Amino acid sequence: MNTQLLQDFPELSHLPREDLEDMLADPMYFQAVFYSLPRVKALYQAQRELGMANESLANKNLALQQDLYKLRSDTKNAFDEAKSLEARWKDLEREQREIYQRLTPQFLLMRLRHATTAQDELSETLASAFIASSPGHDAAGVSNASGTSNGRDVEEFVRDFKELRKVYHKRMMWADRWTSGQVAWRDD
């Protein structure tokens, strides 16, 4: 009898040699003896327990599946919203830079100068229109001794012209102060 076999499987030491040879010759007999061995029973029992533990874990995972799908969907929606807000943020930053650029001291000074020029042109246009429409003046505004001007029209013109020139001179004063460094801008 093979001593190595009996050392590896001491459970078989009580079987006679004929039974061992029959086991090798008959696969059904071999399986019957093999599956009755305590080590094999213990292995199958451990395998069953592991299978049941895996099945229990699988059932727990399946119970969590819907919650996980919902969480995945919520996470994707939150991520998509975050990406959308990030893109909107970039648009808002660009808009803010454009707005702030229109509020820089250099830009505001340029606007003041343009407004001053426009105010000067407006007052000169009013004066030219008054002269052109006044009786007693020809198209070039030269006085003509034959006509007189209505006093009410003159008062209205003077009032309007004075108001336009007042705004013009205020803008000129601010531009002069600004140019000489008397205007300070705060960034708060």
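Laboratory data are not the source of any read-out in this text; all were calculated from the coordinates shown. None of these values were measured; they are calculated from a predicted model. Using ideal geometry, Cβ is built from the backbone for each residue, glycine included, and neighbour counts are taken over all protein chains shown.
Per the helix-only calculation at 222 nm, which mean residue ellipticity applies to the chain, given -39500 (n - 2.57) for every DSSP H run of n ≥ 4 and division by its residues, nearest 500 deg cm²/dmol?
Calculated mean residue ellipticity at 222 nm is -27500 deg cm²/dmol.
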Task: Label selected from (i) 157, 35, 25; (ii) 89, 34, 33; (iii) 46, 36, 27, the criterion being Cα extents along the principal axes in Å as computed here - done: (i)
TODO: Please check the chain for the longest run free of trypsin sites (Lys or Arg not before Pro) that are loop-located per DSSP (anything but H, G, I, E, B) and have at most 11 other Cβ atoms within 10 Å.
DONE: 1-101
Open item on the list: What does the net charge come to around F30 if you take all other residues with beta carbon closer than 13 Å to its beta carbon, with K and R at +1 and D and E at -1?
Closed with: -4
Open item on the list: How large is the direction-averaged shadow of the alpha-carbon convex hull of the range 25-104, in nm²?
Closed with: 11.0
Task: Assigned charges on the beta-carbon of Lys, Arg, Asp, Glu; the chain dipole about Cα centre (debye) - done: 1300
Task: Listed residues N77, A127, A42: farthest to the positive end of the dipole of the chain (Cβ charges) - done: A127
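Within 10 Å of each residue's Cβ, count the other Cβ atoms and sort F107, F9 from fewest upward. Walk me through the intermediate numbers first.
Details: F107 12, F9 15.
Ascending number of Cβ neighbours within 10 Å: F107, F9.
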Task: Selection from T104, H114, A58, by position along the positive dipole direction of the chain (Cβ) - done: H114
